[in-house]
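After the structure tokens below, expect a handful of questions from me.
Bear in mind these aren't lab numbers, they're just calculated from the coordinates by the rules spelled out. This is a predicted model, so every value here is computed, not measured. In this analysis, Cβ positions are derived from the backbone assuming ideal geometry, glycine residues included, and neighbour counts consider all displayed protein chains.
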Amino acid sequence: MVLGDFNGIRHPTEASNNPRVDSTMTLFQDWIVELEMEEHQASVPWFTWMNKQANNPIAKRLDRVLINFDWMDSVKEIKVHFQAPGVLDHCPVLVDTESSMKSLPKPFKFWLRHPRFDELLEEAWRSRVTGHPLIRVCKKLKNLKNLLRKLNKEEYSDIRERVKEKEASLHLMQQEALTDPTEGNFEEERRLSQEYKALLDAEESFLRHKSRESWLKTGDMNSEYFYRSVKSKQKRNTIRMLKNEQG
């Protein structure tokens, strides 16, 4: 959800002086479409800004609330109210959500530490896109989003199993290196150890996010605690019975 003063109108009907359609209106409309957002309907008044000039009174709809499809799916009902401006020239907006948001799947955001993150960021930002500068930025961010989703799926899906598999491979390699301490075995052990440490960091970050615990000290590997915390949270959120007027 994006809300506030956009300092622009989408159509001549959004201004009391009925201006002609110009390029700024078209660009603003295209920008909203490019973001895949829609304006949420609001209660009266229609106009949200006034110039407060008695000799040339003008009112415009400059303030609005934009929502995307994820927001529509996650909130059962939402009401938008523009209130009287008082001493201001803009109407304050009140967004009333009458039900809690549903839980949405969120990709695991451990990308910043990944060695390929800078490469993917540069690839997305160098991609050739057309349109208004704001629209080009939106398109490049979408490209980056798709690249990071792919990275997330390839590198961090089933993170718990990946940690176990890498740990087993590391242990086998360490036994081999201790039995036959060659340069090649030590180099392979070092590589597996680095990959295992990276997965451990990813797992801990993921579990910290899931459990919503913020007090974990850096470097403290409390994975088992976090698993218990996540399970506890799931139990607290479970509906165990429903009760009507007859009990």
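Using the beta-carbon distance between ARG160 and VAL137 and R0 = 35 Å, what value does 1/(1 + (r/R0)^6) give for FRET efficiency, to the nearest 0.05?
That gives a FRET efficiency of 0.45.
Now, a different point. For THR48, THR97, THR182, what's the fewest-to-most ordering of other Cβ within 10 Å of each Cβ?
Least to most surrounded, the residues fall as THR182, THR97, THR48.
So for PHE47, PHE69, fewest C-beta neighbours within 10 Å to most, what's the order?
Sorted ascending by nearby Cβ count, the order is PHE69, PHE47.
In what order do GLU204, GLU176, GLU155 fall by count of nearby beta-carbon atoms within 10 Å, going from fewest to most?
Values: GLU204 21, GLU176 14, GLU155 17.
Fewest-to-most Cβ neighbours within 10 Å comes out as GLU176, GLU155, GLU204.
Report the extension gain between SER23 and GLU38 in nm, rounded to one decimal, defined as 0.36 nm multiplied by the number of residues separating them, less their alpha carbon distance.
My answer for the length gained is 3.4 nm.
So for the pair ASN146, ASP70, with labels modelled 7 Å out along Cα→Cβ, what separation do we get in nm?
1.7 nm
Suppose every Lys and Arg Cβ carries +1 and every Asp and Glu Cβ carries -1, with no other charges. What dipole size does the stretch 141-186 come out with about its Cα centre, to the nearest 20 debye?
So the dipole magnitude of the stretch 141-186 works out to roughly 680 debye.
Let me ask something else about it. From the square roots a ≥ b ≥ c of the eigenvalues of the alpha-carbon gyration tensor of the stretch 2-97, which class results: rounded (a/c under 1.5), prolate (a/b over b/c), or oblate?
Since a/c reaches 1.5 but b/c is at least a/b, the shape of the stretch 2-97 is classed as oblate.
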